[in-house]
Structures are given as structure tokens and as C-alpha cells.
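Reviewing the structure listed below.
The values are calculated or read from the model by the stated rules, or taken from the named source; none is laboratory data. Source: prediction; values computed, not measured. Don't worry about glycine lacking a Cβ; one is built from the backbone with ideal geometry, like all the others, and counts go over all protein chains shown.
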Amino acid sequence: MSSPHIRDFKDKHVHMIGIGGSSMSGLAEMLLKQGYHLTGSDNAHSHAVERLEAMGVRVYIGHHESNVRDADVIVYSAAIHPDNPERAWAFAHGIPQIERAELLGQVMEGHRDAVCVSGTHGKTTTSSMIAQMLLDCGMDPAVHIGGRVDALGGGTRIGSDRVFVAEACEYAGSFLHMHPTVAVVLNIEEDHLDYYGDIGHIEEAFFNFCSLLPENGLVLGCGDDPRVRTLLARLDRRHETFGFGADSDWQAGNLATGDLGRPEFDALYRGRALCHVALKVAGRFNVLNALAALAAVHALGADMEKAAASLSAFAGAHRRFEHTGDIDGVHMYHDYGHNPTEMRGAISVACEQHANHVWAVMQPHTFSRVKTLFNDYLTCTAAADYTLVTDIYAAREVDPGDINSRMLVDGMKAHGVNAVLTPTFDDTEAYLRAHWQPGDLVLTMGCGNINLLNEQMQKHGDTPK
């Protein structure tokens, strides 16, 4: 049976379960701007919830069947199971339900082009780059990304029906509900193994995603990633590659690293320089993100000189190596990275900031991810001088009792990493304040609520002397 379509509920009551999630809150903002009557629920207050409340959305904290008794349709995320009290009541009373990814696909319909950015990591930054460039090139994009970008005034934008820019998340096959005309594949790595089981099923999901393209669609894939190259070889769709390798269609010519690790390069397309880019965001991985973004806007017909100027002004998305302030002469940063590859990349940028010492503060995310990527976690912070590890952030999961942060810390120590267990935010703050020195850099990492540690410490200010 097909799912209901959101357009059929324009003048009715839409209730969103898990409305505080990065994608759900963005979709809520889009529906609100289009005139839908919304309520929502979540298990905790957050900045996203506060922002929606300020827009007039009634958000219930906690999940109760009374929240949905007047609803005409339910929207829920993949983390909300059928036994959730609100979903269970909806089932019992015949209230139709739409899963978050299906809703995103429905919102995307009707646009001439849709750029869908996929990959295990880098999606938010790359889609933000694309959105900002299209906006600055006068192409009026509709946007749905999982982060907030100052140039966009947030993470969503209605725009025209010319082009839609969206992150394409592979979790639970979410990206299979999209309608891409340009599919970006940044990388394919092991993650979400609680859903996929093994890398083979992940690769197949990416193949199925790219197969959604129409016959004249375009895949932009990282030529440096062997799994992406294998994917491209299987597809019968037009494709281009980006990467550092000499055989990629898009390359970074005359690549140089400037102050604080910020790259500068000529964007080469099949050997021809199209424009020059001087990034404000640091890290070698951001060169690949930038090449992917340039390839996408080029495919849409953007003016490449204007695009390069916009990209050179791109200051990053919030929670992506974001400077949150200084305390005691220590530079505080936060990054959303939550798998080992992302954390390793964020720390590489931290190490280029000329700090006396780099403190990596890790909040591991979900028990299943820690178990499946355990060995990778043990060395991903090795470049930092010190590593602090908080308790695992459960998110959608229940503690299975067979994995914890103490096991991570013990494994890190066995690999020569200077690691300490600081279970709570208060523990972490106390340890940092007792041991850091002026000129140090603290990088908190995770996609849970570890960003609130930065806010907590900033609120407390300098340590009393």
C-alpha cells in the first residue's frame, strides 16, 4: 500500500514525532513556511525545538498518545519505532503515517533538478557548499541539509522549482526515497552496520540510490575511493570523477596549504582550469568536498567564476569544526564528526591550528556503532596530545550491557593513546580546567549533545584564579 502524500494535508493537522532531529526540524521549517499546521514531539528540549517553538510550533516533550489525538497525519523518523505510544495510537485509530525520508522525497518532487549528496561523511559540508554557490549564482535553490549555514539563514530554504539540494543519508535506506538528477557519492565506508550488517549491503544500497537517476542523470563520484570506482563501473549512467588522482575528471591544480591549513587551488576539469578557489575551511578532505561541489554546480550550468568566489567565502556549517569561543586562553572548537574517519579528519585540522596541545574530547555515538567500528575508534584520536572519552550517547538505542566507554579507553591506552575516561560533562569540564594550559585547543566531537559541553563551559567562563 502506498504511503499518503503530504500535499493532501495542506489545510490539516500534521504531527511530527522526533521533530527535534536535524532533518525533521528542517522539514518542519519547510512545511511551516508552506502553510501547514504543525505540532511535534521529542524526548528532550534542544536548540532545534526552541527554534521551532519560537516560530509558533507547539512541541510536546515526551511521547504520549494524547499528543496525536487531533492529528490528521503523522510524520516520524526512522528512529521512532512502531511501538512508540504516538505511532501505536495512530495505528489503532487509522491515522496515516509518513516516514521522514518519504516526506523528503515528496517535498523534492516537482523540481527540474535535484542534487542529492551521499556518502559516509562530508554530506553536510558539501551540500552546504553547493547550496551557497547556487544561491550566490542567482539560481534560487530549494535546500534541505542537516546543518545550519549562516549564508542560508539555516538549513532549509524553499526556493524555486529549478533545483533542490539535499543530503542523501544512507541510514535505513533513506536515500532510496529521493528523486536525484545529480547524485554525488563522496565515499563509501562501513557505518550503520546495525542496519546493513556488512559493507556488501552498504555498497548495494549506494548502487540502488544511483540507479534512481533518470537516463540523462549524472553521478559525481570520488575517484580516490575504490568502492566508489567499483560502483561507477557497474552503473549505466553518465558519470564524472573528482579526486587527487591523475585520472579524475575534476582535480585540484597547484594545490597549496595556506594559514591554519586552508587549501588553495585551481579547479581543473579534464585538464582545463575553470576557476581559482581559496578555501576558508581547512583540511585536505575539504578539497575533495569542494571539487564535488564545483562539479555539481558546473553540471547545473552555474557561472564558475561566481561559484568560485562564493566557495572561497564559504565559512562552513555550524558544528563542523566550529570555533565556539576561548576560555582561560584555550581555543574551544566543536565538530559533528561521530565515526572514526570523521574524527580523524577533524583532529587533523585541529593539529594545523598552531596550538600548544590538542585535546580531543570524544562522545561515542550509539552502542552499535561503537561495537562495529571498535578497532577504528582506538586510534582515530592518536594525532591529538590528549583524549577524553565521555559515556556513549545512546540516541535511538538501549544499552545492551556489553560495550562501554571504559573499554574504549583501555583499548586506546593499549595503542599508545593518552586517553582518560570522563563519563559526564561535569567530569570532562573539571578535568580540562585542571590540566589545560593557555594556547591549547579543545575539540569536542560527536553528533549527540556534546556541543552542549562547549556551551556549558562558555557559560561558566574563565576559571576563577
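With respect to the conditions (1) closer than 23 Å to ASP198 by Cβ; (2) free of Cβ contacts under 8 Å to residues at least 12 places away in the same chain; (3) not basic (Lys, Arg), GLY401 lacks only one, and its number is (1). Kindly indicate whether any position in segment 256-263 is at positive phi and either within 24 Å of the chain's Cα centre (by Cα) or surrounded by fewer than 15 Cβ atoms within 10 Å (Cβ to Cβ) (or both). Yes, segment 256-263 contains a residue that is at positive phi and either within 24 Å of the chain's Cα centre (by Cα) or surrounded by fewer than 15 Cβ atoms within 10 Å (Cβ to Cβ) (or both). Condition first: buried (at least 20 other Cβ atoms within 10 Å of the Cβ) and in contact with a Lys or Arg (Cβ under 8 Å, 6 or more places away or on another chain). Can you find one or more residues in segment 196-205 that meet it? Within segment 196-205, not a single residue is buried (at least 20 other Cβ atoms within 10 Å of the Cβ) and in contact with a Lys or Arg (Cβ under 8 Å, 6 or more places away or on another chain). When CYS169 is tested against (1) touching a residue at least 60 places away in the same chain (Cβ under 8 Å); (2) under 24 Å from GLY20 (Cα atoms); (3) in a strand (DSSP E or B), just one condition goes unmet, and that condition is (3).
Would you confirm whether any residue within segment 332-340 is closer than 22 Å to GLU189 by Cα, in a helix (DSSP H, G or I) and either out of contact with any His (no Cβ under 8 Å at 6 or more places or on another chain) or among the polar types (S, T, N, Q) (or both)? Yes, segment 332-340 contains at least one residue that is closer than 22 Å to GLU189 by Cα, in a helix (DSSP H, G or I) and either out of contact with any His (no Cβ under 8 Å at 6 or more places or on another chain) or among the polar types (S, T, N, Q) (or both). Considering segment 86-102, the residues that are at pLDDT 95 or above and assigned to a helix (DSSP H, G or I) include one that is nearest to ASP42 (Cα to Cα), namely GLU86. If only residues of segment 112-151 that are of a type in the set (A, V, I, L, M) and in a helix (DSSP H, G or I) are counted, the one that is farthest from ALA292 (Cα to Cα) is ALA151.
Considering segment 184-223, and only residues there that are part of a loop (DSSP other than H, G, I, E, B), farther than 19 Å from ALA292 by Cβ and charged (D, E, K, R), the residue that is modelled with the lowest pLDDT turns out to be GLU190. As a summary of the residue check, GLU429 satisfies the conditions (1) out of contact with any Lys or Arg (no Cβ under 9 Å at 6 or more places or on another chain); (2) not in a helix (DSSP H, G or I) except for the one numbered (2). Out of the residues in segment 104-117 that are touching a helix residue (DSSP H, G or I) at 6+ places or on another chain (Cβ under 6 Å) and under 20 Å from HIS298 (Cα atoms), which is surrounded by the most Cβ atoms within 10 Å (Cβ to Cβ)? Here the answer is VAL117.
Scanning segment 5-21 for residues that are closer than 16 Å to VAL107 by Cα and either surrounded by 19 or more Cβ atoms within 10 Å (Cβ to Cβ) or in contact with a strand residue (DSSP E or B) (Cβ under 6 Å, 6 or more places away or on another chain) (or both) yields ILE6, PHE9, VAL14, MET16. Might you check whether a residue that is in contact with a strand residue (DSSP E or B) (Cβ under 7 Å, 6 or more places away or on another chain) and either closer than 15 Å to GLY147 by Cα or of a type in the set (Ser, Thr, Tyr) (or both) occurs anywhere in segment 345-354? Looking for residues that are in contact with a strand residue (DSSP E or B) (Cβ under 7 Å, 6 or more places away or on another chain) and either closer than 15 Å to GLY147 by Cα or of a type in the set (Ser, Thr, Tyr) (or both), one finds none in segment 345-354, hence no.
Of all the listed residues (MET30, MET24), the sole one being crowded, with 23+ Cβ neighbours inside 10 Å, of a type outside the set (Val, Ile, Thr), touching a strand residue (DSSP E or B) at 6+ places or on another chain (Cβ under 7 Å) and not assigned by TED's automatic domain parsing to the domain that holds ARG148 is MET24.
Yes or no: segment 300-317 includes at least one residue that is surrounded by 15 or more Cβ atoms within 10 Å (Cβ to Cβ) and either in a strand (DSSP E or B) or without any contact (Cβ under 8 Å) to a residue 12 or more places away in the chain (or both). Taking every residue of segment 300-317 in turn, none turns out to be surrounded by 15 or more Cβ atoms within 10 Å (Cβ to Cβ) and either in a strand (DSSP E or B) or without any contact (Cβ under 8 Å) to a residue 12 or more places away in the chain (or both).
Screening THR444 with (1) under 26 Å from GLY21 (Cα atoms); (2) part of a helix (DSSP H, G or I) gives one miss only, at (2).
Hey, any hits in segment 43-52 for a residue that's over 21 Å from the mean Cα position of the chain (by Cα), at pLDDT 90 or above and outside any loop (DSSP other than H, G, I, E, B)? No, segment 43-52 has no match at all. Restricted to segment 264-294, and to residues that are surrounded by fewer than 16 Cβ atoms within 10 Å (Cβ to Cβ) and among the hydrophobic types (A, V, I, L, M, F, W, C), which residue is farthest from the chain's Cα centre (by Cα)? Ranking the candidates gives ALA273 first. Among the residues of segment 299-315, is there at least one that is at pLDDT below 95, over 22 Å from the mean Cα position of the chain (by Cα) and of a type outside the set (A, V, I, L, M)? Within segment 299-315, none of the residues are at pLDDT below 95, over 22 Å from the mean Cα position of the chain (by Cα) and of a type outside the set (A, V, I, L, M).
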